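Accompanying notes for the structure given below.
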Amino acid sequence: MGKAKVIPLHRENQSLTYRQRRTIGFLVAARSQEEGRRRAGVGKTTLARWLQDPPFRAELTRQRNQVIEEALATLRSAMVKAAQVLVDLLDDENPRLRRFVAVDIINLVLRGLEKADLSEEVRRHEFSGDLTVADLIRKATEREEDEA
């Protein structure tokens, strides 16, 4: 079997066995739960039982979230470079490309502003209780329909 990265356990999940910790590493790294289970050399019944165990499930979730956060951090760090590529394309010799890039930039900025506005609206109403999440979603949807 291949090796899986074993991430240090959260202090609340110290009761997990080495085999469980190793399996979590494979599950987190695999494309599917089935692939991770097979690579870890764990039976279906055993994994099903472990997945019912709150400490195992909590540690699996924690490690998956950690991997997602690391991936998002990598993507966030590339945002400036990606934005600069778009800006540089505005000077391309091809007028059609410049136009498409300009439209893309404008749309990206407008979508970002809309999301920021919606986030601010959620924050404003979060504690007042005068709007439900469903109300906010309905308002955002109506806004999108009005703009279309």
Of residues in the stretch 1-20 being crowded, with 18+ Cβ neighbours inside 10 Å and of a type in the set (S, T, N, Q), the one modelled with the highest pLDDT:
Gln20
Scanning the stretch 66-113 for residues that are loosely packed, with under 10 Cβ neighbours inside 10 Å and among the polar types (S, T, N, Q), which turns out farthest from the chain's Cα centre (by Cα)?
Ser77
(1) modelled with pLDDT under 65; (2) of a type outside the set (A, V, I, L, M, F, W, C); (3) in a helix (DSSP H, G or I): which one isn't true of Ser128, the others all being true?
(3)
If Arg123 satisfies all but one of (1) farther than 30 Å from Ala29 by Cα; (2) assigned to a helix (DSSP H, G or I); (3) at pLDDT 90 or above, what's the number of the condition it fails?
(3)
Within the stretch 21-42, restricting to residues that are of a type in the set (S, T, N, Q) and either part of a loop (DSSP other than H, G, I, E, B) or modelled with pLDDT of 95 or more (or both), the one that is surrounded by the fewest Cβ atoms within 10 Å (Cβ to Cβ) is Ser32
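The values are calculated or read from the model by the stated rules, or taken from the named source; none is laboratory data. Keep in mind the model is a prediction, meaning the values are calculated, not measured. We place every Cβ from the backbone using ideal geometry, glycine too, and count neighbours over all the protein chains shown.
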